Amino acid sequence: MRSFAKFVYPGIAIWGLIAVLAWFFSFIASDPVPMDQLEKELGQRTLTAQEEELLNEFSLHCEKSKHQQAVAVILNQPFRFRNLFQKVLQHALFSKLTQDLVNANESFEIAAAIARVYQDSLADNFLMNELHFSKLLTTAQLQRKLEADYFFNKGIASLSQNDSAMYFFKKSLHLSRKIGDEKRKADNLLMWQYVLYQKGAYEDALKIGEELLEIVRRTGYLHREAGALYNIGQIYIESGEVRKALECFNRAWEIHRTIGNQAGELQLLGRLGVANNQMGDFPRALDFLDQAITLCQASGNKWEELKNLNDRGLVFKNIGDYEKAKREYTNAFERAEEEKDYPNQAVILNNLGILYRLLGDSEQSFSYLSHALAINDSLGNPYDIALTLKNLGDVYKDQDSLKLALAYLEQARSIIKKNAATETFKPRILESDILINMGDIEAGQNNHSTALGYYETALTTFKTIGFKTGIASALIRIGNTLAGMGQHENALENLNEALAIANAIETPLHQVHALYGIGLVYQRTTDFDLAEKYFEQAIAQVEAARVHIQREDRISYFSTIQNLFDQMIILQWMRGNGHAAFAYSERARARGFLDILRERSNDAYKVSSNSDHPASLEGIQNSLNQGVVLLEYRVTQDRLIIFAVDHKNLLIKDVAISRADLSRLVDAFRGTVEKTDPDSYARYLELAQRLYEIVIAPIKQGISPEKNVYVIPDGVLYQVPFAALVFTQDGQQKFLMQDYNLAYAPSATILKLCLDNRRPAIPANQMKLFALGNPTGDLRHSATEVRDIARMFFNPDTLIGKNIPEGKISGMLQENINILHFATHASINGKSPLASYLVVGAENGKAPHHQSRTNHDDDGRLSAYEVYDLNLAETQLVTLSACSTANGRFFQGEGVVGLTHAFMKAGTNAIIATQWNIPDKYTMELMKSFYHNWITKKMTKTEALREAQQKIIIEMSRKSATQNLPYPKAWAAITLTGDYR
């Protein structure tokens, strides 16, 4: 537009230049600030009561020649006295200008005394140099000096209006340059840099930063050096150059600690937390944020506290610990509500919306995001409105409402494009992120060309503004899309460029995705050696990051990278390397569980802690006797891999079924298992046989009847009661449990631990039983169940009926109990599995504790968190005779986390639990029969359970009340996990 005007009307350009020059000369030659305005702004020495007290204390010590005491006053609060020095010096200068020489000399003396302490005790000459400079100013220079101070203060007061603030800072800077006032020059450059940063003019802000750093380092102006580094670090954070940001923040933090600026130190702790989070160093990020929050609470800084709580929530979200993330966001939102901080309320609501989207709760996600959108609409910030619309589009994308998703993304992009701020950094990043998401939707529908267009447009913008994280993300997507189109050479070019950038900026997530993408290309082109090399590098990167994550958080983190292991397993299987395929299957499975077992303080599991890796195939086989075979499943995107392992052999089969198709089949199957009508039973038999053909038939040659078969499920197969699968033999349909003794394990390595650490056999008459039944008074059969089971033991302890104090139960659990039996109600929390609990006493209405294992109130509930603290090293069996106790929250690669998980971590090596709600009467019969078979008839646990289930099947087949049909709802839900003997 400007070049067109210049070409057609050259006179306009000339007159425009004249106008600019006229404004410039009027700007630098503006009239002096009237004395009354200077006096109003600078004439009074405005000290707080605390500052007045400090200054009086210092002056009094100086008057009495108590030098050491005077020095101590400053050294106790060195940063506060720097500010006091500035106020005293400014008062001295104004008094000198107005010829009030008595006040001027008095203030100069106090300023000199303060400056000498810094010079002599801290080797800091900055204040003394500033004092000398100020005292040598001529009257005309002094006038300019105070005018520069006046305009600087006006700029600070105008920071909410960037252009006005910039105007005042430039006027102050011009006056400072004229008189050579290096301090005020640095002050103005810092604030100019800050305004440019706020406007998104990052390149200009970095240029200002170069001049600013030269001045502050030459003059020793440490406070402003820290400020400049903070601003530069912020720019690097938003530009995706996190390593550079960390360097700036670390140096700024050191400076603030040196000069005693606690407020600056607090601010930098938060930024260091954010930067380390983006670098993938989550423990370090949490450490900095913990320090920041502690300082906030000590100083009462609620605004910084809510920001740091929100940022700590982001760290927990990134490692997959969604419950902790929710807690942090909720606490932050409460602080924001207390402070009526609406912008931060909207930020936190957006984060909660994203979190619930990850949890799969679209309704709650939509609610939070809609609330955030309403706040942002009222605030009128186009950027924040567009960001929330983008997040809403992501929710619809997850629901496969792709038209709605694209509509929201288009609306968000339209708002950004219409807003004048699109020339600045953050809106351009947001617009490009929106394009990336639109590309992802198109790629998911195999519209590769359209997706590629979106990705390439985003890449162009990222490159223009130098946003390296965005460049890496776009290149990875372009590479993966080109690979899907068969353009492997171009795909590798983009992915290698992405890897180089990711290595340069040291972002682990992008490194893993780039390496994974390269490996996939080589796998597609059958260059298996290179595919393996890049997959292994990606896995090594994942393992390196995992080591630094707190043990209990590794479960959730590891669930986020399972596709990488899937491809490595498939690759090894395709290459005929079964041992390696199985090894990678184990490396991807229940690692968080294994870590915690390795560090348990009790001696339930004798585990070598020398290696972080799971057991070898040979080590696992050495723990299996001839009567045991394990079936380990791996559900990948396009196929099911099955490993059959016995004491000598490894057999591998694959089934061509996608994860999505298998999920649909299992969902349909589970929809029939718990029903008790003939039509549903017929449908159940049909689906149970189809599932059998997929998960058992391909591997049946590796398992002979009467063996103890361990099932190690994966993915949706955790929902399958294998005992209820159906096959046809000699024209008759049979249940799988009628041929095999079945048990479960989280992984082959954990099964090895259970088998290797079997408790010494104890005669039945010496076993110590603790059984609890019917604590709520509404489970009549559970009371009978406990009484009848107790009769099989020589010296049992039982608690039956209502009003049992939890403290009494807790005391019993501290003793060396061999068998624990709970016949009660259970509550399973699918979102926060460690908040799941057994009802063990009189409930008092309190919510179960799930944020801390140390808060164990007498609430009548035994939560999974409380179970963690038990020592069950002597316990051979825990029976959870309650509804759905085998359930919890599924983590990809880890399995189901809940009560069963918790009891195994507490030390028991065998648990009986249930997959759904069973009628009280059938539960009683199954449990009595099981214990009779195990204790009295001396069967193994798997044999005893199989016989108990078979007894129910026979009884139901003879009862007209059940239409002579053995509905699996009554018998198939009970499972054994751990030691089968």
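The values are calculated or read from the model by the stated rules, or taken from the named source; none is laboratory data. Bear in mind the structure is a predicted one, so any value in this text is a computation, not a measurement. With ideal geometry, Cβ positions are generated from the backbone for all residues, glycine too; neighbour counts draw on all protein chains shown. Just the protein is used for accessible areas: all its heavy atoms, side chains included, with ligands, DNA and RNA removed. Shrake-Rupley method; radii C 1.70, N 1.55, O 1.52, S 1.80 Å.
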Report yes if some residue within the stretch 954-963 is under 26 Å from residue 901 (Cβ atoms), of a type outside the set (Asp, Glu) and in contact (Cβ under 8 Å) with a residue 24 or more places away in the chain; otherwise report no.
-> no
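Going by the structure shown, is residue 83 open to solvent by less than 70 Å² (accessible area, probe 1.4 Å) and under 47 Å from the mean Cα position of the chain (by Cα)? Outline the logic, then answer.
Numbers: open to solvent by less than 70 Å² (accessible area, probe 1.4 Å): yes; under 47 Å from the mean Cα position of the chain (by Cα): yes.
Yes; evaluated as a whole, the condition is true for this residue.
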For the stretch 478-488, enumerate the residues that are touching a Leu at 6+ places or on another chain (Cβ under 9 Å) and either outside the structural domain of residue 513 (by the TED database) or part of a helix (DSSP H, G or I) (or both).
-> 478, 479, 480, 481, 482, 483, 488
The correct count of residues that are open to solvent by 10 Å² or more (accessible area, probe 1.4 Å) and either under 16 Å from residue 891 (Cα atoms) or polar (S, T, N, Q) (or both) in the stretch 351-361 is 7
If you take the residues of the stretch 432-470 that are touching a residue at least 60 places away in the same chain (Cβ under 8 Å) and not hydroxyl-bearing (Ser, Thr, Tyr), which of them is surrounded by the fewest Cβ atoms within 10 Å (Cβ to Cβ)?
-> 466
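In the list 531, 514, 583, 483, which residue meets the criterion of being open to solvent by 10 Å² or more (accessible area, probe 1.4 Å) and either modelled with pLDDT of 95 or more or more than 30 Å from residue 831 (Cβ to Cβ) (or both)?
Values: 531 fails: open to solvent by 10 Å² or more (accessible area, probe 1.4 Å); 514 fails: open to solvent by 10 Å² or more (accessible area, probe 1.4 Å); 483 fails: open to solvent by 10 Å² or more (accessible area, probe 1.4 Å).
Testing whether each residue is open to solvent by 10 Å² or more (accessible area, probe 1.4 Å) and either modelled with pLDDT of 95 or more or more than 30 Å from residue 831 (Cβ to Cβ) (or both) leaves just 583.
Every residue, every condition in (1) at pLDDT 85 or above; (2) more than 17 Å from residue 128 (Cα to Cα); (3) surrounded by fewer than 18 Cβ atoms within 10 Å (Cβ to Cβ), yes or no:
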residue: 34; (1), (2), (3): no, yes, yes
residue: 39; (1), (2), (3): no, yes, yes
residue: 47; (1), (2), (3): no, yes, yes
residue: 53; (1), (2), (3): yes, yes, yes
residue: 57; (1), (2), (3): yes, yes, yes
residue: 61; (1), (2), (3): no, yes, no
residue: 73; (1), (2), (3): yes, yes, no
residue: 91; (1), (2), (3): yes, no, no
Helices (runs of 4 or more DSSP H) contained in the stretch 291-401 and holding at least 3 residues under 21 Å from the mean Cα position of the chain (by Cα), of a type in the set (Lys, Arg) and closer than 26 Å to residue 832 by Cα = 302-318, 322-338
When you look at residue 697, is it open to solvent by 20 Å² or more (accessible area, probe 1.4 Å) and more than 36 Å from the chain's Cα centre (by Cα), yes or no?
-> yes
Given the conditions (1) modelled with pLDDT under 95; (2) assigned to a helix (DSSP H, G or I), every one holds for residue 612 apart from (2)
When the residues of the stretch 619-671 are filtered to those that are among the basic types (Lys, Arg) and within 35 Å of the chain's Cα centre (by Cα), which remaining residue is most open to solvent (accessible area, probe 1.4 Å)?
-> 664
Top-ranked residue of the stretch 86-121 - restricted to ones that are touching a residue at least 40 places away in the same chain (Cβ under 8 Å) and within 46 Å of the chain's Cα centre (by Cα), ranked as nearest to residue 182 (Cα to Cα) | 87
Scan the stretch 547-566 and give yes if some residue there is out of contact with any helix residue (DSSP H, G or I) (no Cβ under 8 Å at 6 or more places or on another chain), more than 30 Å from residue 876 (Cα to Cα), modelled with pLDDT of 90 or more and assigned to a helix (DSSP H, G or I), otherwise no.
-> yes
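For residue 394, are the conditions met, namely being out of contact with any Cys (no Cβ under 7 Å at 6 or more places or on another chain) and on the phi > 0 side of the Ramachandran plot?
Judged against the criteria, residue 394 is not a match.
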Residue 766 meets each of (1) open to solvent by less than 10 Å² (accessible area, probe 1.4 Å); (2) closer than 30 Å to residue 784 by Cα with one exception, condition (1)
Pairs with Cβ under 7 Å, 6+ apart, first in the stretch 487-506 and over 21 Å from residue 240 (Cβ atoms), second among the polar types (S, T, N, Q) and open to solvent by less than 70 Å² (accessible area, probe 1.4 Å) | 488/525
Hits in the stretch 232-245 - residues which are under 30 Å from residue 77 (Cβ atoms) and open to solvent by 10 Å² or more (accessible area, probe 1.4 Å) | 232, 234
Somewhere in the stretch 255-269, is a residue assigned to a helix (DSSP H, G or I), of a type in the set (D, E, K, R), open to solvent by less than 50 Å² (accessible area, probe 1.4 Å) and closer than 23 Å to residue 169 by Cα?
-> no
Count of residues meeting criterion [in contact with a Leu (Cβ under 9 Å, 6 or more places away or on another chain) and open to solvent by 50 Å² or more (accessible area, probe 1.4 Å)] in the stretch 722-763 = 1
Look at residue 539 and say whether it is in a helix (DSSP H, G or I), farther than 14 Å from residue 634 by Cα and modelled with pLDDT of 85 or more.
-> yes
How many residues are at pLDDT 90 or above, open to solvent by less than 40 Å² (accessible area, probe 1.4 Å) and in a helix (DSSP H, G or I) when one looks only at the stretch 197-223?
-> 8
Per the filter on the stretch 769-795, residues among the aromatic types (Phe, Trp, Tyr) and open to solvent by 50 Å² or more (accessible area, probe 1.4 Å) are 794
Members of the stretch 352-390 that are modelled with pLDDT under 95 and in contact with a Gly (Cβ under 7 Å, 6 or more places away or on another chain) | 365
Of everything in the stretch 901-938 that's among the polar types (S, T, N, Q) and open to solvent by 20 Å² or more (accessible area, probe 1.4 Å), which residue is farthest from residue 663 (Cα to Cα)?
-> 936
What number of residues in the stretch 367-411 are surrounded by 15 or more Cβ atoms within 10 Å (Cβ to Cβ) and among the charged types (D, E, K, R)?
-> 4
Report, ordered by the first and then the second residue, all pairs with beta carbons closer than 8 Å, sequence separation of six or more or different chains, a first member in the stretch 122-142 that is over 18 Å from residue 99 (Cα atoms), and a second member that is part of a helix (DSSP H, G or I) and open to solvent by 80 Å² or more (accessible area, probe 1.4 Å).
-> 128/116
